[in-house]
Amino acid sequence: MAVKIKKGSEMMQIPVVPLVDTVFNLLIFFLVATKVAEAEKELPIQAPYAGEAQAITVRPAEMIINIDQKGRLFIGDLPRTLHELDDALHSSWERSHGRTPVTLRADERCPWRYVVQVIDCCKKNKVRDYHVTTKSVAGEGKT
């Protein structure tokens, strides 16, 4: 008995309508995405020159304040009085508008009132980024 092969039956056709819909949706998506990407570009302007301008990402030099066992203050390794520290923090604020990071390192045997005086001096001079360092169990500096 001979087998008949039906050519062009409905089961063998690829559904074209959903495929065309998908292609049109992708086309519209990429057109809209391209327009949004073009809109986010900066305008071609010529900015004026400023001699004192700095990038926002430039971080000012860190000020390290040390307090020894007897409560003496040091900026770095230079001895200072509380009044000199106040002046240094004020001039630092004028240069960087409070962005100068301050690290406070105090001896563990130092009376707490000296640490509080330095923190109060930082707050008085509007220093926003100050922290106190401690030592971890392994002996490494930790904040």
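The values are calculated or read from the model by the stated rules, or taken from the named source; none is laboratory data. Keep in mind the model is a prediction, meaning the values are calculated, not measured. When we count neighbours, we look across all protein chains shown, and the Cβ atoms used for this are built from the backbone with ideal geometry, even at glycine.
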Exercise. Counting only residues that are closer than 19 Å to Asp120 by Cβ, free of Cβ contacts under 8 Å to residues at least 12 places away in the same chain and of a type outside the set (Lys, Arg), how many does region 65-83 have?
Worked result: 3
Exercise. Could you count how many residues in region 1-21 are part of a helix (DSSP H, G or I), modelled with pLDDT of 75 or more and not charged (D, E, K, R)?
Worked result: 5
Exercise. Which of (1) in contact with a Ser or Thr (Cβ under 7 Å, 6 or more places away or on another chain); (2) assigned to a helix (DSSP H, G or I); (3) of a type outside the set (Lys, Arg) does His131 not meet, given it meets every other one?
Worked result: (2)
Exercise. Out of all the residues in region 127-143, which are hydrophobic (A, V, I, L, M, F, W, C) and either modelled with pLDDT under 65 or more than 17 Å from Val115 (Cα to Cα) (or both)?
Worked result: Val137, Ala138
Problem set entry | In region 103-115, the residues that are out of contact with any Ser or Thr (no Cβ under 8 Å at 6 or more places or on another chain) and not in a loop (DSSP other than H, G, I, E, B) | Ala106, Trp112, Arg113, Tyr114, Val115
